[in-house]
Amino acid sequence: MAAKGTQKKQAQPPGLRELLRIPPGSDVDLASCDPAGAPAGPRNKKDGLADIARMGEHLADLQERLYAASAGGDRRRLLLVLQGMDTSGKGGVVKHVIGALNPAGCRIRSFKAPTEEERGQPFLWRITRALPKPGEIGIFDRSHYEDVLIARVRELAPRSVVDRRYAQINCFEQILADDGTTVVKIFLHISHEQQRRRLLKRLDNPHKHWKFNTGDIEERALWPAYQEAYELALERCSTRTAPWYVVPSDRKWYRNWAISTLLLEHLTALDPQYPEADFDVSACRRHLLEGD
């Protein structure tokens, strides 16, 4: 037995950031990642939903502190990048996870096909215009990664141009990090079969027909090519300052739990603080009391 005062500290279990992160330089094989898995997750959906509700309160508190800190000159902010195949749940994350936050401190942007104006600019131009300001949490539903994903699969740009973009993205994200932006990039990993079931549900429910795009069926035929494109993006653009996280997303409750946890871990690490008052609190209190 170790002498008193010399006991070794018990090792803490790794956070979800460590479990789901793609280490820089890693080879990525999405086929080996279980989209129905629940690494470090609660035992069941009921417990998961309860955890999400509890985390929502902590996330809201940390968001308020981050927003308040910007009033004192803190330039830090957080950018959540959501990428995944159709039906992977990007919109669901915005609704169920980001919905717990104060919208005044969020900047949500969904990137569709580029407009004519955007096509005439460098591919990062429209991304730069949508970045969160100090104190804000930005959420990208799709992002600059579309320019190395669909652009690669659909050959919307020469392969040599697409290949140069990985390095441009890494440089861009390093600049963001250097300027105080915590970049949290999440790939929502679903299975081919789960996507089929979700698309069928949209067809079976007339209230969901507006969410169905006949082009989704054509895109499914390119599933292997998209998986390869995602593997390349994860391999080439998971860096120390802006790593990728792969979140199993066949089970919606786990997806939401994992992303809530990742956000909580990142915001806790930032530990934003309310700025100190730049006025005489006691004097202001006295004037108000005397005025009554």
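Side notes on the structure shown:
- Residue satisfying all of: in segment 176-230; of a type in the set (Phe, Trp, Tyr) and surrounded by 12 or more Cβ atoms within 10 Å (Cβ to Cβ); nearest to LEU80 (Cα to Cα) among these: PHE187
- Qualifying residue in segment 178-189 (condition: out of contact with any helix residue (DSSP H, G or I) (no Cβ under 7 Å at 6 or more places or on another chain) and under 23 Å from LYS252 (Cβ atoms)): yes
- Looking across segment 78-97, the residues that are open to solvent by less than 10 Å² (accessible area, probe 1.4 Å) and under 25 Å from GLN194 (Cα atoms) come down to LEU80, VAL81, LEU82, GLN83, GLY84, SER88, VAL93, VAL97.
- Condition check for ALA113: in contact with a helix residue (DSSP H, G or I) (Cβ under 9 Å, 6 or more places away or on another chain), more than 21 Å from GLN174 (Cβ to Cβ) and open to solvent by less than 40 Å² (accessible area, probe 1.4 Å): no
The values are calculated or read from the model by the stated rules, or taken from the named source; none is laboratory data. No experiment lies behind these values; they were computed from the predicted model shown. So basically every Cβ, Gly included, is an ideal-geometry build from the backbone, and we count neighbours across all protein chains shown. Accessible surface is based on the protein model in full, side chains and every heavy atom, while ligands, DNA and RNA are left aside. Shrake-Rupley method; radii C 1.70, N 1.55, O 1.52, S 1.80 Å.
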